[in-house]
1. Report in % the part of the accessible area of the range 1-85 that belongs to carbon and sulfur, leaving out ligands and nucleic acids; probe 1.4 Å.
2. Suppose accessible area is computed on protein heavy atoms with a 1.4 Å probe; arrange T242, T15 from highest to lowest.
3. Could you give the spread of the C-alpha atoms of the range 16-113 along their three principal axes, from largest to smallest, in whole angstroms?
4. Which pairs in the list K16/K183; K92/K177; K16/K173 are over 30 Å apart, alpha-carbon to alpha-carbon?
5. Starting from the 7 Å offset along Cα-to-Cβ, what nm value, one decimal, do you get for the label separation of F152 and L29?
6. Taking the mean number of other Cβ atoms within 10 Å as a proxy for protection, how do you rank 99-106, 63-70, 86-93 from highest to lowest?
7. Order 150-162, 190-202 from most to least packed using the mean count of other Cβ atoms within 10 Å.
8. To the nearest 10 Å², what's M116's accessible area with a 1.4 Å probe?
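The values are calculated or read from the model by the stated rules, or taken from the named source; none is laboratory data. Nothing here was measured: the structure is a model prediction, and the numbers come from that model. Positions of Cβ are backbone-derived with ideal geometry, glycine not excepted, and every protein chain shown enters the neighbour counts. Remember, those area values only see protein heavy atoms, side chains included, never the ligands or the DNA or RNA. Shrake-Rupley method; radii C 1.70, N 1.55, O 1.52, S 1.80 Å.
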Amino acid sequence: MATFDIVTAAGNGYTKVWEERHYLIGLALVPIIIKFACFVTMISMDVDDNHLRAALIMLPAYFAEGWMLAHWVRLITLGQRWPFRPTGDDDKDMAALNDRARGVLSGMIIFVLIQMIITALWAWVTTLPVDEEALKAPTMEMRLMSVAVFVFMLWGFRFLWFFIPAAANYSIKEFMKDIGHPKLSLYMIAVWLVCVVPGFALMMGFTLPLLLSEGEDIPTAVQFGSAGVHVVLEAVINLLATAGIAYGLKDMYSSRNGKTS
């Protein structure tokens, strides 16, 4: 089974984000603004408990974020920067634009579909009836179901990154073969945790005290401020995680083909 070094992949992700910080500010600015606007709309309409309605409000943000991450993947895997800079050769430029547009559009659409599926599953789980007595003394069936759900999440984690090969114009069919071994999910989870946990802890450090200090009646200004911090930090986390996974997959393909990444 083809694998990759977890520390190297995560380290390359952190290094790339830092090296490209000025480029990423320009790339992420519009997606961050769109996502913040969507959060403000959710807060104003008070739809936090309606996950499907919230997902529809967040749909423009998902498209913008998918566009951002698709361009980020193409920089990591193909060295292509946004915006496109023509060379003056019309035929060559048109071919390059078509290739880039296909990758960005594919990566963006698959990213949006993944987000909608996650939202739908979460909405379904949160609407299931809860037996408080059963939770205090779970039956064997409940324990087995919990284990099955946990195993399914571990097994399916690798499929959350379909947008990476799509953005790089890599065949999804070939990607399915490449990630056929369930163990690869564990490698991806490890990289994801290394990239996500520090940023998530920072996000909680900023937003939780801000919200908890105001009690149950949270002023709108505080909610908007918390949303702004959340959106910016979430963008950084997603860029880090995508970079780490993209470098891991790139190293895996390179080692399999006998090349040096």
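1. Numbers: 2800 of 4390 Å².
Carbon-and-sulfur percentage of accessible area, whole number: 64.
2. Working: T242 5, T15 65 Å².
Solvent-accessible surface, decreasing: T15, T242.
3. Principal-axis extents of the Cα atoms in the range 16-113, largest first: 52, 27, 20 Å.
4. Numbers: K16/K183 26 Å; K92/K177 32 Å; K16/K173 28 Å.
The pairs that break the limit, which is 30 Å between Cα atoms, are K92/K177.
5. Computed distance between label sites F152 and L29 equals 4.4 nm.
6. On the way: 99-106: 17.4, 63-70: 23.9, 86-93: 9.6.
Going from most to least packed, we get 63-70, 99-106, 86-93.
7. Details: 150-162: 15.0, 190-202: 17.4.
Packing order, densest peptide first, comes out as 190-202, 150-162.
8. Result for M116: roughly 60 Å² accessible.
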